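The structure under discussion appears below in the form of structure tokens.
The values are calculated or read from the model by the stated rules, or taken from the named source; none is laboratory data. Keep in mind the model is a prediction, meaning the values are calculated, not measured. Cβ placement follows ideal geometry from the backbone for every residue including glycine, while neighbour counts extend to all protein chains displayed.
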Amino acid sequence: MQKYPENAGFFEYVLLLLGRRKRIRVTGASMLPGLKDGDELFVDPYAYVATHPEEGDIVLAWHPREADLKIIKRVSMVLDNGCWLVGDNPAESTDSSQYGIFAFKRIVGKVTSRS
């Protein structure tokens, strides 16, 4: 069973006001059933400053071919040079199966909760 972010508490909103969280909106069906089109999520852009993502984390990453597009995916594997990212709904997801390994520098942050 996949783990999805819980609803944001008061502290997440404080971190948003302090600039320690970003708020993003899910578009598309690649993370169904847990994350739906229109869901709003909080992202910690500082989560991986001193460390790398872990398997199972849901992350925001820069798309490898569209410079201004960010995508939400799950970390399937952590490798020496990056992460293998996948969508939870393979029929609707473009991910590492098409693009290969995502370098750590392409990871924007970790999804921490939903608003």
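Report whether or not Val78 is closer than 22 Å to Lys3 by Cβ, in contact with a strand residue (DSSP E or B) (Cβ under 7 Å, 6 or more places away or on another chain), assigned to a strand (DSSP E or B) and not hydroxyl-bearing (Ser, Thr, Tyr).
no
Hey, among the residues in segment 26-51 that are assigned to a loop (DSSP other than H, G, I, E, B) and in contact with a helix residue (DSSP H, G or I) (Cβ under 6 Å, 6 or more places away or on another chain), which one's farthest from Ser97 (Cα to Cα)? Can you show your working first?
Of the residues in segment 26-51, the ones assigned to a loop (DSSP other than H, G, I, E, B) are 26-39, 45-51.
After this cut, where a residue has to be in contact with a helix residue (DSSP H, G or I) (Cβ under 6 Å, 6 or more places away or on another chain) as well, the list is 29-30.
Numbers: Ala29: 17, Ser30: 13 Å.
Per the stated criteria, the residue is Ala29.
Picking from Asp88, Asp57, Asp68, which residue would you name as being of a type in the set (Asp, Glu) and either closer than 15 Å to Ser115 by Cβ or without any contact (Cβ under 8 Å) to a residue 40 or more places away in the chain (or both)? Before the answer, list the steps.
Details: Asp88 fails: either closer than 15 Å to Ser115 by Cβ or without any contact (Cβ under 8 Å) to a residue 40 or more places away in the chain (or both); Asp57 fails: either closer than 15 Å to Ser115 by Cβ or without any contact (Cβ under 8 Å) to a residue 40 or more places away in the chain (or both).
One residue alone meets the criteria, Asp68.
Restricting attention to segment 36-53, does a residue exist that is under 12 Å from the mean Cα position of the chain (by Cα) and more than 17 Å from Lys110 (Cβ to Cβ)?
Checked segment 36-53: no residue is under 12 Å from the mean Cα position of the chain (by Cα) and more than 17 Å from Lys110 (Cβ to Cβ).
With respect to Ala61, determine if the residue is outside any loop (DSSP other than H, G, I, E, B) and either under 21 Å from Ile24 (Cβ atoms) or among the charged types (D, E, K, R) (or both).
Values: outside any loop (DSSP other than H, G, I, E, B): yes; either under 21 Å from Ile24 (Cβ atoms) or among the charged types (D, E, K, R) (or both): yes.
Yes: the conditions hold for Ala61.
Test of understanding: among Val78, Val86, which residue is surrounded by 17 or more Cβ atoms within 10 Å (Cβ to Cβ), modelled with pLDDT of 95 or more and of a type in the set (Val, Ile, Thr)? Step through it out loud before you land on a result.
Numbers: Val78 fails: surrounded by 17 or more Cβ atoms within 10 Å (Cβ to Cβ).
None of the others qualify; the one that does is Val86.
If Leu69 satisfies all but one of (1) surrounded by 16 or more Cβ atoms within 10 Å (Cβ to Cβ); (2) hydrophobic (A, V, I, L, M, F, W, C); (3) touching a strand residue (DSSP E or B) at 6+ places or on another chain (Cβ under 9 Å), what's the number of the condition it fails?
Result: Leu69 fails condition (1) only.
Restricting the search to segment 92-110, which residues are surrounded by 20 or more Cβ atoms within 10 Å (Cβ to Cβ) and out of contact with any strand residue (DSSP E or B) (no Cβ under 6 Å at 6 or more places or on another chain)?
Ser93
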